[in-house]
Amino acid sequence: MNRQKLLLALLVSILIVSVIVAWFRMPHQKSVQQLKFQQGASALHAAGDRQQGKAIELRVDLLEQKPPAVLIKKNLFNPMGDEQGRAAARATSGSRAVIAPPPPPPTPEEIARKKLASFTYLGSYSKKNSKVVFLANGDEILTVRVGDMLIPGYVVTTIEDDRLLLQSADGKQQLVYAM
């Protein structure tokens, strides 16, 4: 019980000391004899009084100047600073930037491979001579047998223990799905 009272007394004394220190550190309001800004006067007149002797001059020559050319000294995206990056920076600083052509569109086989990669193997079931594979595509679960069309334009030709073979409808292309 004495420890609790001692701890309480210590905490109360720290609180009192912190309140006293805060009181003395608090900023106090001061007063001045005369205000610099007269109440009711506009701010433009006060600024104009300070610049009474100065003439206003418009420098048109600054508007007609062309901005200096920008020279890229360091490629921020290539911290190693290889020579190819420097040569490309020098080539683009003096002339117009050459826009690279867009990449070619994906081939139908690449599209089919991406669609096939979106499937997840869940398991398989064998019964006598037929085999069924369970694949998931998002929330959808598919049962795949030989002869089913898993991807548009590709038919399942063979189901083995470790892979699934698909062949295109024209018979020219073959895809393999490893399980």
Label-point gap, in nm, between GLU64 and SER13 - each point 7 angstrom along Cα→Cβ: 8.2
For peptides 3-16, 104-117, sequence by mean Cβ density within 10 Å, most packed first: 104-117, 3-16
At R0 = 25 Å, FRET efficiency that the Cβ-Cβ distance of ILE141 and LEU165 yields, to 0.05: 0.75
Amide hydrogen neighbours beyond the local backbone of LEU150, cut-off 5 Å, H modeled: VAL156
Hydrodynamic radius by Kirkwood, which averages 1/r over all alpha carbon pairs of region 135-179, in angstrom: 10.9
Placed amide H near GLN173: partners under 5 Å, 5+ positions off or other chain: SER168
Vicinal HN-Hα couplings computed from phi for region 17-22 (Karplus, 6.51 cos²θ - 1.76 cosθ + 1.60; Hz; Gly/Pro x): 5, 5, 5, 5, 4, 5
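Every read-out reported here was derived from the displayed coordinates using simple, explicitly stated rules and does not represent laboratory data. Since the model is a prediction, treat every value here as computed from it, not as a measurement. We place every Cβ from the backbone using ideal geometry, glycine too, and count neighbours over all the protein chains shown.
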